[in-house]
Amino acid sequence: MLVGLSGYLAGYNGSFEFKSGEKYPEELNYVFMRVFNAGFGILCVPLMFYTARTLKFSNLAVYLVTLMVLCGTPPSPLPQYETNEAENSYATISRFILLDSMLLFFTAATLFCLAKFHQYRREEWSFEWAFWMVMTGVSIGCVCRYSIINPVD
């Protein structure tokens, strides 16, 4: 539905099939659709930062988690596994018009909401406790929705 929303906002009329290697038609604002999808990938970085903060990780661990989401896996210091570039498939896949960035965002949102719910575990039936419990359920529902549409083999 979110990819459909991005197509609707970009003026997509349903005639282009997005086959690999084909040129995009002039009337299709595919840049907007890519930016819309990349927004979900971008939002994962602060979401994981706040998740690590909520879980009371050390400052070093918080920054490491954030950098790993932002940059991917750093190059290995071991000579047998040495590569000159970091693995950045997450940043690359977020810019494509696919469901993956949304699925990863909702998975990160589930972890964040669960961490916030855990933070209020001693304040049963308070507004914050109930809010984060509901938000955890909503985000799990979004993950399930996108997993059913785009199952992982």
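No lab work stands behind these numbers, since they all come straight from the coordinates. Predicted model only: the values in this text are computed from it and were never measured. Every residue, glycine among them, receives a Cβ derived from its backbone with ideal geometry; neighbour counts consider all protein chains shown.
In nm, to one decimal, how far is the Tyr8 label point from the Lys23 one, both placed 7 Å along Cα→Cβ?
So the label points at Tyr8 and Lys23 sit 3.1 nm apart.
Using 0.36 nm per residue of separation minus the Cα-Cα distance, give me the extension gain between Ser15 and Ala130 in nm, one decimal.
Gain in length upon complete extension: 36.9 nm.
Would you mind calculating the gained length between Tyr120 and Cys144 on full extension (0.36 nm times residue separation, minus the Cα-Cα distance), in nm to one decimal?
Value of the extension gain: 6.2 nm.
Could you derive backbone 3J(HN,Hα) for the range 136-142 from the dihedral phi with the Karplus parameters 6.51, -1.76 and 1.60 (θ = phi - 60°), listing whole Hz in sequence and x where the residue is Gly or Pro?
My calculation for the range 136-142 gives 5, x, 5, 5, 5, x, 5 Hz in order.
Lys116: which lysines have alpha carbons under 29 Å from its alpha carbon, excluding same-chain residues fewer than 8 sequence positions away?
Here the lysines satisfying the reach criterion relative to Lys116 are Lys56.
Counting other Cβ atoms within 10 Å of each Cβ, which GluC sites (Glu not before Pro) in the range 99-137 have at most 14 and sit in a DSSP loop?
Passing both the DSSP loop test and the Cβ count: Glu123, Glu124.
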